[in-house]
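Reading through the C-alpha coordinates given below for one structure.
The values are calculated or read from the model by the stated rules, or taken from the named source; none is laboratory data. Not measured: the values here are computed from a predicted model. So basically every Cβ, Gly included, is an ideal-geometry build from the backbone, and we count neighbours across all protein chains shown. Areas reflect the complete protein model, heavy atoms only, side chains present, ligands, DNA and RNA absent. Shrake-Rupley method; radii C 1.70, N 1.55, O 1.52, S 1.80 Å.
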Amino acid sequence: MKRAALSSCGLLLLLPILFIGAAVGVLGGGVSASLGQGSSVQVAGIPPEYLALFQAAGQRYDVPWAVLAGIGKVECNDGQDPDPSCTQEGAVNYAGAGGPMQFLASTWATYGVSVNGGRPDRRNPADAIYGAANYLHASGAPKELQRAIFAYNHATAYVEEVLRWAATYEREARPVEVQAGSGAAGEALSFALAQIGV
(Lines give C-alpha, C1' and ligand atoms only; values in the text may rest on other atoms or scores of the structure.)
Protein backbone atom coordinates (compact mmCIF):
# COMPACT_ATOMS: atom_id res chain seq x y z
CA MET A 1 0.00 0.00 0.00
CA LYS A 2 2.79 2.41 0.91
CA ARG A 3 4.58 1.55 -2.32
CA ALA A 4 1.43 2.30 -4.35
CA ALA A 5 0.98 5.58 -2.50
CA LEU A 6 4.60 6.53 -3.13
CA SER A 7 4.27 5.62 -6.79
CA SER A 8 1.17 7.78 -7.07
CA CYS A 9 2.96 10.68 -5.37
CA GLY A 10 5.94 10.25 -7.65
CA LEU A 11 3.68 10.28 -10.68
CA LEU A 12 1.93 13.45 -9.49
CA LEU A 13 5.26 15.17 -8.99
CA LEU A 14 6.41 14.02 -12.41
CA LEU A 15 3.33 15.26 -14.29
CA PRO A 16 4.40 18.94 -14.47
CA ILE A 17 7.82 17.88 -15.73
CA LEU A 18 6.23 15.64 -18.38
CA PHE A 19 3.89 18.46 -19.41
CA ILE A 20 6.73 20.94 -19.74
CA GLY A 21 8.77 18.42 -21.72
CA ALA A 22 5.85 17.79 -24.07
CA ALA A 23 5.26 21.52 -24.50
CA VAL A 24 8.90 22.11 -25.31
CA GLY A 25 8.74 19.23 -27.80
CA VAL A 26 5.74 20.79 -29.53
CA LEU A 27 7.63 24.06 -29.82
CA GLY A 28 10.52 22.43 -31.62
CA GLY A 29 8.66 21.95 -34.88
CA GLY A 30 5.27 22.64 -36.34
CA VAL A 31 4.21 25.79 -38.08
CA SER A 32 6.96 28.04 -36.76
CA ALA A 33 9.68 25.72 -38.02
CA SER A 34 8.27 25.72 -41.56
CA LEU A 35 7.65 29.45 -42.01
CA GLY A 36 9.64 31.27 -44.62
CA GLN A 37 10.47 34.92 -45.17
CA GLY A 38 7.36 36.97 -45.97
CA SER A 39 5.16 34.46 -44.16
CA SER A 40 3.52 34.92 -40.82
CA VAL A 41 1.05 33.12 -38.65
CA GLN A 42 -2.50 33.80 -37.69
CA VAL A 43 -3.78 32.86 -34.25
CA ALA A 44 -7.22 33.87 -33.05
CA GLY A 45 -7.02 36.39 -30.22
CA ILE A 46 -3.54 37.78 -30.94
CA PRO A 47 -3.35 41.08 -32.86
CA PRO A 48 -1.54 40.60 -36.21
CA GLU A 49 1.05 43.28 -35.42
CA TYR A 50 1.98 41.44 -32.19
CA LEU A 51 2.20 38.11 -34.00
CA ALA A 52 4.53 39.61 -36.58
CA LEU A 53 6.69 41.10 -33.83
CA PHE A 54 6.80 37.79 -31.91
CA GLN A 55 7.86 35.99 -35.07
CA ALA A 56 10.50 38.54 -36.11
CA ALA A 57 11.99 38.88 -32.62
CA GLY A 58 11.96 35.10 -32.21
CA GLN A 59 13.90 34.62 -35.41
CA ARG A 60 16.35 37.40 -34.54
CA TYR A 61 17.17 35.95 -31.09
CA ASP A 62 16.55 32.24 -31.77
CA VAL A 63 13.60 32.04 -29.38
CA PRO A 64 10.34 30.27 -30.34
CA TRP A 65 7.80 32.93 -31.32
CA ALA A 66 5.10 31.00 -29.46
CA VAL A 67 7.04 31.35 -26.18
CA LEU A 68 7.23 35.11 -26.68
CA ALA A 69 3.49 35.10 -27.39
CA GLY A 70 2.92 32.99 -24.26
CA ILE A 71 4.80 35.51 -22.14
CA GLY A 72 2.92 38.32 -23.84
CA LYS A 73 -0.37 36.56 -23.06
CA VAL A 74 0.44 35.99 -19.39
CA GLU A 75 1.84 39.49 -18.86
CA CYS A 76 -0.61 41.75 -20.75
CA ASN A 77 -2.88 39.56 -22.90
CA ASP A 78 -0.69 40.17 -25.97
CA GLY A 79 -1.16 43.93 -25.76
CA GLN A 80 -4.90 43.82 -25.04
CA ASP A 81 -4.99 44.10 -21.23
CA PRO A 82 -6.34 47.52 -20.15
CA ASP A 83 -4.36 47.41 -16.87
CA PRO A 84 -2.52 50.73 -16.48
CA SER A 85 0.82 48.93 -16.03
CA CYS A 86 0.36 47.51 -19.54
CA THR A 87 -0.91 50.64 -21.24
CA GLN A 88 -0.09 53.89 -19.43
CA GLU A 89 3.21 55.71 -19.49
CA GLY A 90 4.77 55.68 -16.03
CA ALA A 91 2.34 53.15 -14.53
CA VAL A 92 3.79 49.96 -13.06
CA ASN A 93 2.35 46.86 -11.39
CA TYR A 94 2.81 45.87 -7.73
CA ALA A 95 6.34 44.60 -8.50
CA GLY A 96 7.39 47.71 -10.42
CA ALA A 97 7.10 46.17 -13.90
CA GLY A 98 5.57 47.99 -16.85
CA GLY A 99 4.86 47.77 -20.57
CA PRO A 100 3.33 45.01 -22.68
CA MET A 101 6.00 42.47 -21.65
CA GLN A 102 6.11 43.74 -18.01
CA PHE A 103 9.78 44.61 -17.61
CA LEU A 104 11.30 45.81 -14.36
CA ALA A 105 13.33 48.98 -14.89
CA SER A 106 16.54 47.25 -13.75
CA THR A 107 16.08 44.32 -16.15
CA TRP A 108 15.14 46.67 -18.97
CA ALA A 109 18.31 48.69 -18.40
CA THR A 110 20.34 45.56 -19.17
CA TYR A 111 18.27 43.83 -21.87
CA GLY A 112 16.16 46.58 -23.44
CA VAL A 113 16.34 46.88 -27.22
CA SER A 114 15.56 49.86 -29.41
CA VAL A 115 14.13 48.52 -32.64
CA ASN A 116 13.93 51.85 -34.48
CA GLY A 117 17.01 53.47 -32.94
CA GLY A 118 17.05 55.94 -30.10
CA ARG A 119 16.45 55.10 -26.48
CA PRO A 120 14.82 51.69 -25.75
CA ASP A 121 11.25 52.08 -24.47
CA ARG A 122 9.72 49.20 -22.48
CA ARG A 123 6.24 50.57 -23.33
CA ASN A 124 6.86 50.32 -27.07
CA PRO A 125 5.55 46.89 -28.20
CA ALA A 126 8.38 46.32 -30.69
CA ASP A 127 11.09 47.28 -28.20
CA ALA A 128 9.43 45.26 -25.43
CA ILE A 129 9.06 42.09 -27.53
CA TYR A 130 12.61 42.31 -28.88
CA GLY A 131 13.84 43.03 -25.34
CA ALA A 132 12.04 39.93 -24.07
CA ALA A 133 13.60 37.81 -26.83
CA ASN A 134 17.02 39.27 -26.01
CA TYR A 135 16.55 38.48 -22.31
CA LEU A 136 15.37 34.91 -22.97
CA HIS A 137 18.29 34.27 -25.31
CA ALA A 138 20.77 35.66 -22.76
CA SER A 139 19.15 33.40 -20.14
CA GLY A 140 19.68 30.19 -22.14
CA ALA A 141 16.97 29.96 -24.81
CA PRO A 142 16.49 28.02 -26.98
CA LYS A 143 18.55 25.17 -25.50
CA GLU A 144 17.50 25.83 -21.90
CA LEU A 145 14.06 27.24 -22.56
CA GLN A 146 12.53 26.39 -19.19
CA ARG A 147 15.44 28.00 -17.36
CA ALA A 148 15.16 31.11 -19.56
CA ILE A 149 11.43 31.49 -18.84
CA PHE A 150 12.08 30.94 -15.13
CA ALA A 151 14.66 33.74 -15.26
CA TYR A 152 11.98 35.99 -16.76
CA ASN A 153 9.71 35.31 -13.78
CA HIS A 154 10.96 33.16 -10.91
CA ALA A 155 7.95 30.86 -10.54
CA THR A 156 7.46 27.31 -11.75
CA ALA A 157 3.74 27.98 -12.21
CA TYR A 158 4.66 30.90 -14.49
CA VAL A 159 6.89 28.66 -16.62
CA GLU A 160 4.09 26.08 -16.90
CA GLU A 161 1.49 28.71 -17.85
CA VAL A 162 3.74 30.29 -20.50
CA LEU A 163 4.50 26.88 -22.00
CA ARG A 164 0.79 25.95 -21.97
CA TRP A 165 -0.04 29.10 -23.93
CA ALA A 166 2.93 28.57 -26.24
CA ALA A 167 1.82 25.02 -27.03
CA THR A 168 -1.74 26.23 -27.63
CA TYR A 169 -0.54 28.99 -29.96
CA GLU A 170 1.73 26.59 -31.83
CA ARG A 171 -1.18 24.16 -32.34
CA GLU A 172 -3.61 26.89 -33.44
CA ALA A 173 -1.20 28.79 -35.70
CA ARG A 174 -2.06 28.89 -39.35
CA PRO A 175 0.47 30.13 -41.92
CA VAL A 176 -0.73 33.15 -43.89
CA GLU A 177 0.82 35.53 -46.37
CA VAL A 178 0.68 38.94 -44.73
CA GLN A 179 0.10 42.27 -46.38
CA ALA A 180 0.71 45.31 -44.21
CA GLY A 181 -2.20 47.69 -43.74
CA SER A 182 -2.18 51.39 -43.02
CA GLY A 183 -1.89 53.47 -39.87
CA ALA A 184 0.19 52.71 -36.77
CA ALA A 185 -0.71 49.00 -36.80
CA GLY A 186 0.24 48.74 -40.46
CA GLU A 187 3.55 50.49 -39.82
CA ALA A 188 4.34 48.14 -36.91
CA LEU A 189 3.41 45.14 -39.05
CA SER A 190 5.49 46.38 -41.99
CA PHE A 191 8.48 46.90 -39.72
CA ALA A 192 8.12 43.48 -38.11
CA LEU A 193 7.82 41.74 -41.47
CA ALA A 194 10.93 43.52 -42.72
CA GLN A 195 12.88 42.17 -39.72
CA ILE A 196 12.11 38.50 -40.41
CA GLY A 197 15.32 36.76 -41.29
CA VAL A 198 17.51 39.76 -40.35
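Listed values for the range 53-67 are Karplus-derived 3J(HN,Hα) couplings in whole Hz (6.51 cos²θ - 1.76 cosθ + 1.60, θ = phi - 60°), namely 5, 4, 5, 5, 5, x, 5, 5, 10, 6, 10, x, 4, 5, 5, and x replaces Gly and Pro. Of the heavy-atom accessible surface of the range 61-101 (probe 1.4 angstrom), what whole percent is carbon and sulfur? C and S fraction of accessible area: 46 percent. Let me test this: with uniform point scatterers at the alpha carbons of the range 55-134, what is the Debye-based log₁₀ I(q)/I(0) at q = 0.11, 0.12, 0.25 1/Å? Evaluating at q = 0.11, 0.12, 0.25 Å⁻¹ gives log10 I(q)/I(0) of -0.24, -0.28, -1.21. Between THR110 and ALA155, the simple label model (points 7 Å from Cα in the Cβ direction) yields a spacing of 2.1 nm.
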